[in-house]
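One structure is given here, and the rest of the page talks about it.
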Amino acid sequence: MSNSVYHVNITLLGIGTLKLELYRALAPLTVQKLTQAMPVQSRAIKRPKELHIPLKDIIAASEHEKIVFDKGEVAFDPRNSELLIFLEDEPSTIEPYNHVGKVISGLDLVNKARLSVGVNIELEKMN
């Protein structure tokens, strides 16, 4: 595994696993804090355009924020300490977020989730 790309699994309990890539180059300090905190358990909240995953123990500053996101991109909201997965293209968010990566598989599984679902987040183990 390269130091600049981290492979992460987010298991939606009872549904399946999303595979993400977090890119250190996008927000180095935020990605470092996220990966050092793993494994993490939380409860995701499904909204019409995003999946919100509160990570209250992770404190990160604003870093290379942006407001335009494509479907499948992953961001961290430093104001609310939560990971966001965009479920559709978002031409302009209300607030800027730290862009940290993207979903590489399993995004369709979010459609099976109800309003709230337990999640486990962990670094993928490399053989």
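The numbers here are math on the coordinates, done by the rules we state, and not lab data. These figures come from a predicted structure and were not determined experimentally. For neighbour counting, all protein chains shown are included, and Cβ atoms are generated from backbone atoms with ideal geometry for every residue, glycine included.
Close amide H contacts of I104 (hydrogens built in the peptide plane, cut-off under 5 Å, sequence separation of 5 or more or a different chain): K19, L20, E21.
Highest GNM mean-square fluctuation among N80, N98, N111, for the chain modelled with Cα contacts below 10 Å: N111.
Ignoring lysines fewer than eight residues from K71 along the same chain, the ones with Cα atoms less than 19 angstrom from its Cα are K19, K46, K49, K102, K112.
Rounded to the nearest 0.05, the FRET efficiency derived from the C-beta distance between S62 and K112 at R0 = 35 Å is 0.60. Subtracting the Cα-Cα distance of Q41 and S105 from their residue separation scaled by 0.36 nm leaves 21.0 nm. In a GNM of the chain with a 10 Å cut-off on Cα contacts, which of K112, K19, K49 has the highest mean-square fluctuation? Checking each option, the largest mean-square fluctuation is seen for K112.
Kirkwood radius, the chain, all distinct C-alpha pairs, inverse of mean reciprocal distance: 14.3 Å. Note on the chain: helix-only mean residue ellipticity at 222 nm, from DSSP H runs of 4+ residues weighted -39500 (n - 2.57) and normalised by residue number, equals -2500 deg cm²/dmol. The K49 and N120 beta-carbon pair, evaluated with R₀ = 22 Å, returns a calculated FRET efficiency of approximately 0.40.
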